[in-house]
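Right, one structure below, let's go through it.
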Amino acid sequence: MTGPKADFWLAQTVGALVATIGIGLAESSRRGNVSPELRTIAMLSAASLSLIDIVFVGRRRIRPIYLLDAGAEMALVAAWLWPVRPKPA
């Protein structure tokens with residue numbers, strides 16, 4: 001869909017790092033133990049990936065389909081900004 005990658009090792013590296021962050025966030029969330037620092041990592045990771053998509057679509061280095069990914073990343077940022085309510089006792 002997005003075409004072949006010139007530096008496939010780089011795509012694999014980024015994919016592994018994004019997966020690692022996602023697994024850590026999912027595990028922390030599942031346990032109900034999301035620290036403010038981890039919330040910051042979640043938001044900034046998603047915002048960074050979104051910004052990269054927007055910048056490089058604008059520079060015509062990647063296809064506009066990546067703007068869908070940017071939108072999904074911004075939705076994640078919004079979700080992490082949503083106020084956390086304590087669980088009822």
Review point. How many residues are among the charged types (D, E, K, R) and surrounded by fewer than 10 Cβ atoms within 10 Å (Cβ to Cβ) when one looks only at the stretch 3-36?
Key: 3
Point to revise | Meets criteria (at negative phi and modelled with pLDDT of 95 or more) for E37 | key: no
**Study point:** Tally, over the stretch 45-67, of residues that are part of a helix (DSSP H, G or I) and either open to solvent by less than 50 Å² (accessible area, probe 1.4 Å) or touching a helix residue (DSSP H, G or I) at 6+ places or on another chain (Cβ under 9 Å) (or both)
**Key:** 14
Revision key, fill the gap. Listed by first then second residue, the pairs whose first member lies in the stretch 1-22 and is within 21 Å of S45 (Cβ to Cβ), whose partner is of a type outside the set (S, T, Y) and at pLDDT 90 or above, with beta carbons under 8 Å and at least 6 positions apart or on separate chains, are T2/I62; T2/R63; T2/I65; V18/L49; I21/I41; I21/A42
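The values are calculated or read from the model by the stated rules, or taken from the named source; none is laboratory data. Everything numeric here is computed off the predicted structure, so don't read it as measured data. Using ideal geometry, Cβ is built from the backbone for each residue, glycine included, and neighbour counts are taken over all protein chains shown. Each accessible area value is taken on the protein alone, full model and side chains, heavy atoms only, with ligands, DNA and RNA left out. Shrake-Rupley method; radii C 1.70, N 1.55, O 1.52, S 1.80 Å.
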